[in-house]
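K.L.:
Mind looking over this structure? Questions follow.
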């Protein structure tokens, strides 16, 4: 999801872009349940292998759920957090969307599932202007374990860390498309209100996929936030 941002960010930061288990080309281990504990363990293991003690965490959608969970469990290891199209709770609306995706996959098959995803994920005008993305998505998703993606979506349906946000003291930015059909933009406003000092960036005419729909703007937003956070760390007391 962040392919457009990796190059510019890598010019100033050491960037890791992990595929979660069952996503991208990461296989699904036998017996995997996709619990948050399991996924957080994967992230901890990756950072340990790379010898990384502290990092900025940028998470999109359910990846933002994982980022928030990691921040709450390991605040000393997170320099800053950016949640893109994410929330502190998987609410009834988002559960219904994910449930509909799973139903389409099981009942209508692969291509119908991909088409439903694209319709829900993107702002309509963007999708109409990028019709080639439909064929590209159909092609690339054939390489993925979609059953695992569906299982991951169902596994996070009870995610809710709202009562814990008041204790966060980590620089935080919530970025959200104002026309997000998957996770409503009101969740970003809640993050801004619930986390002391959190910042908010709303993107008009953008759906759930801000890093793809507005790549240049998303890159600029990330670089600005991360650079300011680093500047505060290096400033004399």
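The values are calculated or read from the model by the stated rules, or taken from the named source; none is laboratory data. Note that the coordinates shown come from a computational prediction; the quantities given were computed from them, not determined experimentally. Methodologically, a virtual Cβ is constructed for each residue, glycine included, from the backbone with ideal geometry; neighbour enumeration extends over all protein chains shown.
K.L.:
Looking for something out of contact with any strand residue (DSSP E or B) (no Cβ under 7 Å at 6 or more places or on another chain), surrounded by 17 or more Cβ atoms within 10 Å (Cβ to Cβ) and closer than 17 Å to residue 121 by Cβ - is there at least one such residue anywhere in segment 203-211? Reasoning before the result, please.
P.N.:
As a first pass, look at segment 203-211 and keep what is out of contact with any strand residue (DSSP E or B) (no Cβ under 7 Å at 6 or more places or on another chain): 204-205, 209.
Retained after the next criterion (residues that are surrounded by 17 or more Cβ atoms within 10 Å (Cβ to Cβ)): 209.
From what is left, the residues that are closer than 17 Å to residue 121 by Cβ are 209.
Scanning segment 203-211 turns up at least one residue that is out of contact with any strand residue (DSSP E or B) (no Cβ under 7 Å at 6 or more places or on another chain), surrounded by 17 or more Cβ atoms within 10 Å (Cβ to Cβ) and closer than 17 Å to residue 121 by Cβ.
K.L.:
Could I ask something else about it? For segment 138-158, check the following and say yes or no: at least one residue is farther than 22 Å from residue 2 by Cβ and at pLDDT 85 or above.
P.N.:
Within segment 138-158 (the criterion being farther than 22 Å from residue 2 by Cβ and at pLDDT 85 or above), the answer is yes, since at least one residue qualifies.
K.L.:
Of 182, 221, 206, which residue is farther than 20 Å from residue 92 by Cβ and not in a helix (DSSP H, G or I)?
P.N.:
Numbers: 182 fails: farther than 20 Å from residue 92 by Cβ; 221 fails: not in a helix (DSSP H, G or I).
That would be 206, the only listed residue that is farther than 20 Å from residue 92 by Cβ and not in a helix (DSSP H, G or I).
K.L.:
Among the candidates 188, 229, which residue alone is out of contact with any helix residue (DSSP H, G or I) (no Cβ under 9 Å at 6 or more places or on another chain) and crowded, with 20+ Cβ neighbours inside 10 Å? Give the steps one after another, and end with the answer.
P.N.:
On the way: 229 fails: crowded, with 20+ Cβ neighbours inside 10 Å.
It is 188.
K.L.:
Here are some residues: 164, 212, 138, 154. Which one is more than 18 Å from the chain's Cα centre (by Cα), assigned to a helix (DSSP H, G or I), closer than 30 Å to residue 107 by Cα and touching a residue at least 12 places away in the same chain (Cβ under 8 Å)?
P.N.:
Values: 164 fails: closer than 30 Å to residue 107 by Cα; 212 fails: more than 18 Å from the chain's Cα centre (by Cα); 154 fails: more than 18 Å from the chain's Cα centre (by Cα).
It is 138.
K.L.:
Of the residues 63, 67, which single one is out of contact with any helix residue (DSSP H, G or I) (no Cβ under 8 Å at 6 or more places or on another chain), at pLDDT 95 or above, within 20 Å of residue 154 (Cα to Cα) and buried (at least 18 other Cβ atoms within 10 Å of the Cβ)?
P.N.:
Details: 63 fails: at pLDDT 95 or above.
Just one listed residue meets the conditions, 67.
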